[in-house]
Amino acid sequence: MGPVPLLSKYEKLSTWKGDLAKMTHLQAGLSPETIEKARLELNENPDVLHQDIQQVRDMIITRPDIGFLRTDDAFILRFLRARKFHQADAFRLLAQYFQYRQLNLDMFKNFKADDPGIKRALIDGFPGVLENRDHYGRKILLLFAANWDQSRNSFTDILRAILLSLEVLIEDPELQINGFILIIDWSNFSFKQASKLTPSILKLAIEGLQDSFPARFGGVHFVNQPWYIHALYTLIKPFLKDKTRKRIFLHGNNLNSLHQLIHPEFLPSEFGGTLPPYDMGTWARTLLGPDYSDENDYTHTSYNAMHVKHTSSNLERECSPKPMKRSQSVVEAGTLKHEEKGENENTQPLLALD
């Protein structure tokens, strides 16, 4: 057997360099701190990024029942990050992502910001998205539960608006690594409204957010929750993973416990923060564009997630402030109690109720 031609060695070296450059491109734009965080917390290794992605892609053949409509490197990478680079878990999440869409086709018809149902939900602040991130680089989403006008918005359309918002936000590699925080203000959320949260629609939401979306949720925080929200937890508990339960916190009207986890300088005044009250139209204007207004029926043929990613911060700065649509929250700055440590047991995760 003759010697291996030198050309093949150079070809292999060239291929390796090309793969490395490609992987470096996937991490382009990430801060050094975020790259290090991905290495330490998510086991992300740029030297084997291509192999990790390809291993997940190779598993697709095992699920011929699912239509994998997108399999590019950048797309698969977000699933690996969501599952700390455990390839089997990442593939399972990828399969569930597309299976959820196959099983709920009506939810994803006309899945864009100008769909009438999604648009109404966005206008009403479902969800709210704060411009700035918290001290861990996480994006903060807000839901003011009492704003749910059940004659105007179906729960499904609100869920669609949330999922669409996450689709846009998850395009940002920093958020794939740092993740999200969700704060739900239950002020003035009536028992009648709560009665519409049936087990079936709650299960639909949990399957869409917990089981089928490549986002890292650092915490779900309940504020001003009434007793029947505790009862709702009993309904959804069978559908929650232990990891999820540990990240659900009830703060009641205790601001101290919330501020220990999310610093006041990152929160609007509704949550005792130093930022102005949240303008309910902020995120809707970001998705629909600068010509959007509450009064005019703005028709936009489609949203472009990549365009939104690059322009959202500019739009939020350039759009003139609008009169705020109140959240119906009774919580004004300084209204919530600042209780002494240990005074309120609701500062514990919901898991403590077990």
| At a probe size of 1.4 Å, how large is the accessible area of Tyr136, to the nearest 10 Å²? | 130
| field | Within-11-Å neighbourhood charge of Glu41 [Cβ basis; K, R +1; D, E -1] | value | +3
| remark: Heads up, the stretch 55-146 by the C-alpha gyration tensor (a ≥ b ≥ c square roots of eigenvalues; a/c under 1.5 rounded, else a/b over b/c prolate, else oblate) looks oblate
| query | In whole Å, how far is the Cα centre of the stretch 170-214 from that of the stretch 72-111? | reply | 17
| Set Lys139/Lys203; Lys37/Lys119; Lys109/Lys246; Lys37/Lys246; Lys112/Lys246; Lys37/Lys196 screened for pairs whose C-alpha atoms are more than 31 Å apart | Lys37/Lys119; Lys109/Lys246; Lys112/Lys246; Lys37/Lys196
| remark: For Phe249, the accessible surface traced by a 1.4 Å probe with all protein chains present amounts, in square angstrom to the nearest 10, to 40
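The values are calculated or read from the model by the stated rules, or taken from the named source; none is laboratory data. This structure is a prediction, so every number in the text was calculated from the model and none was measured. Note that we place each Cβ from the backbone using ideal geometry, even for glycine, and neighbour counts take in every protein chain shown. Keep in mind that these areas ignore ligands, DNA and RNA; they rest on the heavy atoms of the full protein, side chains included. Shrake-Rupley method; radii C 1.70, N 1.55, O 1.52, S 1.80 Å.
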